[in-house]
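This report concerns only the one structure given below.
All of the numbers you see were taken from the coordinates with simple rules; none came from a lab. Here the structure is a predicted model, which is why all the values come from computation and not from measurement. Here the Cβ positions follow ideal geometry from the backbone for every residue, glycine too, while neighbour counts run over all protein chains shown.
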Amino acid sequence: MKIMEFLCKDAIEANLQATKKKEVLKELIDKLVTANKIKEDAKEKILQALLEREKLGSTGIGQGVAIPHAKTDKITEIVCAFGTSRNGVEFDALDGEKVYIIFLLIAPQDSAGMHLKVLAKISRLLKDKFFRQVLREAKTSGEVIKIIKEEDTY
């Protein structure tokens, strides 16, 4: 399994503008709408699903990384968006630090197994300090794609 199978190339933002959790989720959801991966009328329900998941515990996993995720009946296939923030996002991360790398994962209601596999794959990639640093330094979505493709070959 490769991350690029799920990560929408048109839903990558190398310079997120939002500085708070809810706003960054909206910004990434909007990227998925623009990329035609989710419907405009599903935005609010998907945002609510993500915020409900955050109430269970922050998906800001530490080391500047967040992997917000939720399941919804508003989509039929797993989709991911990606963003980096220059100034950091207040995300209630487990280590109390700001988040700079955000992988947003939205899955269909009935995709528990695959949803967990994709989460695990993203987590494994982001454990690598060098990989995180290179991602943070990427200036364009093209650079982000290249970096992820190179790392995801192993």
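State whether the residues of segment 17-37 include one that is hydroxyl-bearing (Ser, Thr, Tyr), in contact (Cβ under 8 Å) with a residue 40 or more places away in the chain and at negative phi. Give the derivation first.
Here is the first cut: in segment 17-37, the residues hydroxyl-bearing (Ser, Thr, Tyr) are 19, 34.
Subset that is in contact (Cβ under 8 Å) with a residue 40 or more places away in the chain: 19.
In the following step, the residues that additionally are at negative phi were identified as 19.
Scanning segment 17-37, I find at least one residue that is hydroxyl-bearing (Ser, Thr, Tyr), in contact (Cβ under 8 Å) with a residue 40 or more places away in the chain and at negative phi, so the answer is yes.
So, of the residues in segment 60-69 that are part of a strand (DSSP E or B) and over 9 Å from the mean Cα position of the chain (by Cα), which turns out to be farthest from Asp41 (Cα to Cα)? Within segment 60-69, the match that is farthest from Asp41 (Cα to Cα) is Gly62. Within segment 26-50, the residues that satisfy the criterion of being part of a loop (DSSP other than H, G, I, E, B) and among the charged types (D, E, K, R) are Lys37, Lys39. The single condition among (1) crowded, with 22+ Cβ neighbours inside 10 Å; (2) out of contact with any strand residue (DSSP E or B) (no Cβ under 8 Å at 6 or more places or on another chain); (3) among the β-branched types (Val, Ile, Thr) that Ile61 does not meet is (1). All conditions in (1) more than 23 Å from Lys127 (Cα to Cα); (2) surrounded by 20 or more Cβ atoms within 10 Å (Cβ to Cβ); (3) not aromatic (Phe, Trp, Tyr) hold for Leu47, with the sole exception of (2). Right, Ala107: of a type in the set (Gly, Ala, Ser), closer than 18 Å to Asp10 by Cα, touching a strand residue (DSSP E or B) at 6+ places or on another chain (Cβ under 8 Å) and without any contact (Cβ under 8 Å) to a residue 40 or more places away in the chain or not? Yes: the conditions hold for Ala107.
Only one of the numbered conditions (1) out of contact with any helix residue (DSSP H, G or I) (no Cβ under 6 Å at 6 or more places or on another chain); (2) under 17 Å from Ala11 (Cβ atoms) is not met by His115, and that is (2).
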